[in-house]
Amino acid sequence: MGRAFQDLVRAQGALYVEASFTGSKIAAETRQNVFYLGGETQAMECATPHLQRLAKRLYPIGTVEQASALKLSMNLQIAAISQALSEGLRLARIHGLSDSLFFEVMENNVARSGLSDLKKPKLLASDFSPQFSVKHMHKDLRLALESAPAGSIPQTAATTSLYEQGLDQGLGDLDFSALIQLGEKIGAGDSFD
């Protein structure tokens, strides 16, 4: 995770800093990304003034691998929380509860999160224009699985399988919240064909 790029850059006599980041399209547009920096101190010091213009926060983490791992750690949580949000909303719909009631109750429940606040308008409007796409989240989940010992992050393996289904169904370029459509089709006994 990043070591190969670092080696290529160093072979050219340049400094390398891993600047993994989290933040949706909205965060990027408003310069509110959070960067996880890894590499040599000199490289991070050179990159910091440039990255500060794009960031809400910079975290000097340590090694290149540690910076990558922290970003993947955050994204696997986002993917799993999003899936739980979608399934909770789907269960409420199955039982005839309105979306507005579901989100109103969530505002007074510990299940509320920054992610639920971010995805609420998209889910209510069935607007799956990408803030962060299914294919990009799938890539991060795959990288997380590859970087961990086999079997050590089983929820991520299960979530990755759902993302693979989304890719198979042509949802790759949509926002990752579009995976709610998988369960809706399955629940209705339909397919995407």
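Points worth noting:
- Note on region 60-97: residues that are farther than 20 Å from ALA27 by Cβ and touching a strand residue (DSSP E or B) at 6+ places or on another chain (Cβ under 8 Å) total 5.
- From ARG90, ARG3, residue being exposed (fewer than 15 other Cβ atoms within 10 Å of the Cβ), touching a helix residue (DSSP H, G or I) at 6+ places or on another chain (Cβ under 7 Å) and touching a residue at least 40 places away in the same chain (Cβ under 8 Å): ARG3
- Selection within region 75-86: residues that are under 9 Å from the mean Cα position of the chain (by Cα) and not small (Gly, Ala, Ser). The member of this set that is surrounded by the fewest Cβ atoms within 10 Å (Cβ to Cβ) is GLN77.
- Taking the conditions (1) touching a strand residue (DSSP E or B) at 6+ places or on another chain (Cβ under 9 Å); (2) among the charged types (D, E, K, R); (3) closer than 25 Å to LEU70 by Cβ in turn, ASP140 satisfies each one other than (1).
- Close Cβ contacts (under 8 Å, 6 or more residues apart or on different chains) running from residues in region 114-143 that are farther than 16 Å from ALA28 by Cβ to residues that are acidic (Asp, Glu) and modelled with pLDDT under 95 are absent.
- Listed here are the strands (runs of 3 or more DSSP E) enclosed by region 1-79 that have at least 1 residues being β-branched (Val, Ile, Thr) and within 24 Å of LYS122 (Cβ to Cβ): 17-22, 33-39.
Here's the yes/no breakdown for (1) outside the structural domain of LEU162 (by TED's automatic domain parsing); (2) modelled with pLDDT of 95 or more; (3) in contact with a strand residue (DSSP E or B) (Cβ under 6 Å, 6 or more places away or on another chain); (4) surrounded by 21 or more Cβ atoms within 10 Å (Cβ to Cβ):
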site	(1), (2), (3), (4)
GLY13	yes, no, no, no
SER20	yes, no, yes, yes
GLU29	yes, no, no, no
GLY39	yes, no, yes, yes
GLN42	yes, no, no, no
LEU58	yes, yes, yes, no
LEU101	no, yes, no, no
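- Residues that are under 9 Å from the mean Cα position of the chain (by Cα) and either surrounded by fewer than 22 Cβ atoms within 10 Å (Cβ to Cβ) or free of Cβ contacts under 8 Å to residues at least 12 places away in the same chain (or both), drawn from region 64-74: MET74
- Test: residue in region 28-39 that is of a type in the set (S, T, N, Q) and touching a Leu at 6+ places or on another chain (Cβ under 7 Å): yes
Okay, residues lined up against (1) surrounded by fewer than 19 Cβ atoms within 10 Å (Cβ to Cβ); (2) of a type in the set (Lys, Arg); (3) modelled with pLDDT under 95; (4) within 25 Å of GLN32 (Cα to Cα):
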site	(1), (2), (3), (4)
GLY114	yes, no, yes, yes
LYS120	no, yes, no, yes
LEU123	no, no, no, yes
HIS138	no, no, no, yes
ALA144	no, no, no, yes
THR160	no, no, no, no
GLY170	yes, no, no, no
ASP175	no, no, no, yes
ILE186	yes, no, yes, no
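- Among residues of region 161-172 that are among the small types (Gly, Ala, Ser), those with a Cβ under 7 angstrom from a residue that is surrounded by fewer than 15 Cβ atoms within 10 Å (Cβ to Cβ), sequence gap 6+ or separate chain, pair up as GLY170/PHE192.
- Reported count of residues in region 8-48, each being of a type outside the set (S, T, N, Q), free of Cβ contacts under 8 Å to residues at least 24 places away in the same chain and under 29 Å from LEU118 (Cβ atoms), is 1.
The values are calculated or read from the model by the stated rules, or taken from the named source; none is laboratory data. Small disclaimer: the values here were computed from a predicted structure and weren't measured. Cβ sites come from the backbone with ideal geometry, for glycine too, and all protein chains shown count toward neighbours.
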